[in-house]
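So the structure is just underneath, and the comments pick up after that.
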Amino acid sequence: MEPSKKILFINACARPQSRTCRLAWEVLKKLAGDVTELKLYEEGIEPLDFSAMEKRSQLAAAQDFDDEMFRYAKQFAAADEIVIAAPCILR
């Protein structure tokens with residue numbers, strides 16, 4: 001038996017009743033696999049400042065990817081399929 005596909009669903013929808021999110025879930029229903037949802041608005045993601053970029057560069061140069069800052073990169077790399085729901089603003 002084949003292992004189940006890993007599907008990473010990156011949910012960048014801020015509205016609780018987001019049409020974009022509903023559409024993404026319809027797509028996800030058609031995909032076979034285990035879905036992990038990453039709700040960006042609940043993650044508290046901060047932009048990298050100079051200090052964090054220096055730390056990242058030093059760790060990467062040492063091939064040391066155990067730090068928590070690489071968590072999202074690892075999730076992305078481990079996924080067989082990635083679905084991103086990011087609404088656009090029409091003006």
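What follows draws every value from the coordinates through simple rules; no lab data is involved. Please read these numbers as outputs of a predicted model, since none were measured by experiment. Counting neighbours? That spans all protein chains shown, and the Cβs are built from the backbone with ideal geometry, glycine included.
Here are the numbers for this structure:
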read-out: Long-range amide H partners of residue 9 with built H, under 5 Å; value: 36, 37, 38, 83
read-out: Modelled label reach - residue 68, point 7 Å along Cα→Cβ, region 34-58 residues with backbone N closer than 20 Å; value: 37-58
read-out: For volume of the Cα convex hull per residue in Å³, calculated from these coordinates, the label among (i) 134; (ii) 150; (iii) 168; value: (i)
read-out: HN-Hα J in Hz across region 53-61 - Karplus 6.51, -1.76, 1.60, θ = phi - 60°, x for Gly and Pro; value: 5, 5, 4, 4, 4, 5, 5, 5, 4
read-out: Isolated Cys residues of the chain, judged by Cβ distance under 4.7 Å to other cysteines; value: 88
read-out: Per-residue HN-Hα couplings for region 32-42 [Karplus 6.51, -1.76, 1.60; θ = phi - 60°; Hz; x = Gly/Pro]; value: 9, x, 8, 9, 10, 9, 10, 8, 4, 6, 9
read-out: Simple spin-label estimate for residue 76 and residue 49 in nanometres, 7 Å along Cα-Cβ; value: 2.3 nm
read-out: Cβ-based exposure ranking for 88, 13, in which fewest neighbours within 10 Å come first; value: 88, 13
read-out: Computed E for residue 61/residue 5 - FRET, C-beta separation, R0 41 angstrom, nearest 0.05; value: 0.80
read-out: Part-to-part distance (alpha-carbon centres) for region 37-65 and region 71-85, which is given in Å; value: 15 Å
